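Undergrad: Sharing a structure, written as C-alpha cells. Questions coming.
The values are calculated or read from the model by the stated rules, or taken from the named source; none is laboratory data. A quick note: this is a predicted structure, and the numbers were derived from the prediction, not measured. Cβ placement follows ideal geometry from the backbone for every residue including glycine, while neighbour counts extend to all protein chains displayed.
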Amino acid sequence: MAPPLHRAAKALLRALVAIAGAKVTDQRTGLPAGKALFIPWRGKLLVIGLENARVSPAFLPQPHLTYWRQDLGFSSHPEPDFPHEPPAHCHPLPPPTH
Amino acid sequence: MNHRLTAILSHLPPTESDRIAAAWQASCPDSDILLVCGGSQDSFNALESSPKVFVSDPRLRTRDHQRERQSYQGVFSAISAFIAPFPQYKFIHFTEFDCVPLHHNLPLWLENRLESENADVLGCRLSRIDGTNHPHFLYHAADPAFHSLIHQTSSRSDPSVVLSMLGCMSFWKRNAFDAVANVPDASPFYLELIIPTLAHHLGFRVRNLPDQSPFVKPSGSFKNLALLQQAGAVMAHPVKTFPTHTP
C-alpha cells in the first residue's frame, strides 16, 4: 500500500482533475471519456485522470490543411469481434521468406 | 459423467471450499465440479470434495496481483492435466470461489451463449487495450518478452492486438482451453491480459458478455443477489465472499 503522503497527494490530484480537468471525448463514439489534466513533463505529456477510460491517442484527420496546429484526440477500440483464424501451420500458403 | 466441467479455484479453508463446491453442484446438476486448490497442501489434503487438484505454482500466490503479475498458468495446466484422461469433457467453465451462480444451470446457459456467439471463449469485461492507456497494457508493453511471446505464438495477421478480460470467470471450448493452458513461457504475465490475448492469437474467437459484465465487477460487493437475478444476472461476483444462501 502507498504511504499516506502519496495517498493524500493522489486524492488531491483527483480532486483537481474533477474541478479543473479538461473534458475528453472518445473520438470513435462521441461519448465522454472523462476528465484529465495534461501536464508537459520532460518532453512528454503527463496525463492525470482518464482512469476509467481505455483510449489511445492519435492526431486527428483535418479537412483543411493547416501547418500551425493539429488536433490530438483519444479513441477507444471497438469491442473485440475477431473471427476464428486457423493456426499458422494450417494456412494454405507457406510463411513469407526474406 | 457430464460433458461440461466447472472448475472452482479456491484458497479458502477446506470447510468453506467444500461448502462452495456443494453449492455449485446443487445449482448446476448438469456439470461436473472440480475443486482447484490454490491454498496450502494441508488445506488440500483436508478437502472432502472430490475430484480436486492442487496447484503448486508460486506465481499464483501473489499479494500485489497486478504488479507481481499473478498467473493462472499453473491453474490452467492443472485443470488441463486433470481432464486429459476424460475426452468426454467438451466445455470448461472456470470460476473463482467468489463467483455465485444465479441461474439454475449456469454452465448450460454459457454453452448456449457460446454457440450463439460462434465463439471459443466467453468472458466478462473483455476489451481491446493495445495502444491505450490501460495500465496493464502499458506495464507489459515495457517488457520485450511479452511482445516476443505474442509474436512467436500468433497465427493472426495483426500480432499487435492485446485483449483484457476479468479472470474471475470464463467459459471455454476444450480445445481452446487446452491450447492456452499448454503455451510454454506464458507464466510471467498478468492473467487478465495474457489469457484472452493468447486465446486470440492462437486463432480462437473470444467474445464478451456485456449483459453480465455489470454483475461481475472487479471490486465492490452485492448485498441483494435476488435483485440482481431479477435484473437479468445469471452470475455475480461479490468479491472475496460466497454467500451462505444463494437465490
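Undergrad: Being buried (at least 23 other Cβ atoms within 10 Å of the Cβ), over 24 Å from residue A:55 (Cα atoms) and among the hydrophobic types (A, V, I, L, M, F, W, C) narrows it down to one residue among B:79, B:83; which is it?
TA: None of the other options fit; the residue is B:79.
Undergrad: On to the next question. I'd like to know if region B:48-58 contains one or more residues that are surrounded by 15 or more Cβ atoms within 10 Å (Cβ to Cβ), in contact with an Asp or Glu (Cβ under 6 Å, 6 or more places away or on another chain) and modelled with pLDDT of 90 or more.
TA: No, every residue in region B:48-58 fails to be surrounded by 15 or more Cβ atoms within 10 Å (Cβ to Cβ), in contact with an Asp or Glu (Cβ under 6 Å, 6 or more places away or on another chain) and modelled with pLDDT of 90 or more.
Undergrad: Run down B:157, B:187, B:219, B:148 and say which single residue is at pLDDT below 95, surrounded by fewer than 17 Cβ atoms within 10 Å (Cβ to Cβ) and under 22 Å from residue B:10 (Cα atoms).
TA: B:219
Undergrad: Do you know which residues across region B:96-118 are in a loop (DSSP other than H, G, I, E, B) and either surrounded by fewer than 23 Cβ atoms within 10 Å (Cβ to Cβ) or in contact with a helix residue (DSSP H, G or I) (Cβ under 6 Å, 6 or more places away or on another chain) (or both)?
TA: Result: B:97, B:98, B:102, B:103, B:104, B:105, B:117, B:118.
This table checks each residue for (1) under 23 Å from residue B:61 (Cα atoms); (2) acidic (Asp, Glu).
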{"site": "B:168", "(1), (2)": "yes, no"}
{"site": "B:173", "(1), (2)": "no, no"}
{"site": "B:177", "(1), (2)": "yes, no"}
{"site": "B:182", "(1), (2)": "yes, no"}
{"site": "B:185", "(1), (2)": "yes, yes"}
{"site": "B:188", "(1), (2)": "yes, no"}
{"site": "B:191", "(1), (2)": "yes, no"}
{"site": "B:198", "(1), (2)": "yes, no"}
{"site": "B:203", "(1), (2)": "no, no"}
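Undergrad: Please work out if residue A:82 is at pLDDT 95 or above, out of contact with any Gly (no Cβ under 9 Å at 6 or more places or on another chain) and assigned to a loop (DSSP other than H, G, I, E, B).
TA: Answer is yes for this residue.
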